[in-house]
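Worksheet: one structure, shown below.
The values are calculated or read from the model by the stated rules, or taken from the named source; none is laboratory data. Since the structure is predicted, the reported quantities are computational estimates derived from the model, not experimental observations. Here the Cβ positions follow ideal geometry from the backbone for every residue, glycine too, while neighbour counts run over all protein chains shown.
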Amino acid sequence: DLPRPRKRLIQLMFEASQKTEVQDKLFDLLFLRTPISIIGTTKIEGIKLAVNYLEGENAVVTNEKYTLNCDIAFRSIGYRSVQADPDVPFDKMSSTVPQSIGVYSVGWLSSGPVGVILSTMSNAFQAASLISQHFDKGLLSERKPGYNYISKILENKGIYHHIS
């Protein structure tokens, strides 16, 4: 039995493989590649890529490079997380916020740039469960660095109201 996110991914890949329509556009997912530069002066003509290999769970860039001809490119938002507040623990090597009592992260901020939307959703449920456990055990204090500042912003926007 595969985990739900893996089953969904396999189902999507299977459905895509069953389509027999001929299209004039092509969408390819290329794994183990690092974009080096975009080729073109007035429009996108291609992307220079470096080939990677896996060393454990980490992708390592090789010296092998090539140009992929294309006329469109997308930038992934949030590929590498950054430390937003010096009071929040941050692992600069993995660009992640490690889970600790009172500090929680989800998605790529928690795992690094890996997985699909379903793995991010699963990660969010795990974080919510951890928060609930910490709350039930009385480990969480409402007063943390930045609480007063953030709570005022949220109250002014009508997003949050403290109940005493």
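For this structure, a couple of remarks:
- Conditions (1) in a loop (DSSP other than H, G, I, E, B); (2) under 22 Å from residue 85 (Cα atoms); (3) at pLDDT below 85; number of the one not met by residue 105: (3)
So that you can scan it fast, the table gives a plain yes or no per residue for (1) modelled with pLDDT of 85 or more; (2) among the hydrophobic types (A, V, I, L, M, F, W, C):
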residue: 29; (1), (2): no, yes
residue: 46; (1), (2): yes, no
residue: 50; (1), (2): yes, yes
residue: 74; (1), (2): no, yes
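- Within the stretch 37-61, the residues that satisfy the criterion of being in contact with a Leu (Cβ under 9 Å, 6 or more places away or on another chain) and closer than 20 Å to residue 94 by Cα are 52, 53, 54, 59, 60.
- Restricting the stretch 48-77 to residues that are under 30 Å from residue 106 (Cβ atoms), touching a residue at least 24 places away in the same chain (Cβ under 8 Å) and surrounded by 11 or more Cβ atoms within 10 Å (Cβ to Cβ), the residue that is nearest to the chain's Cα centre (by Cα): 59
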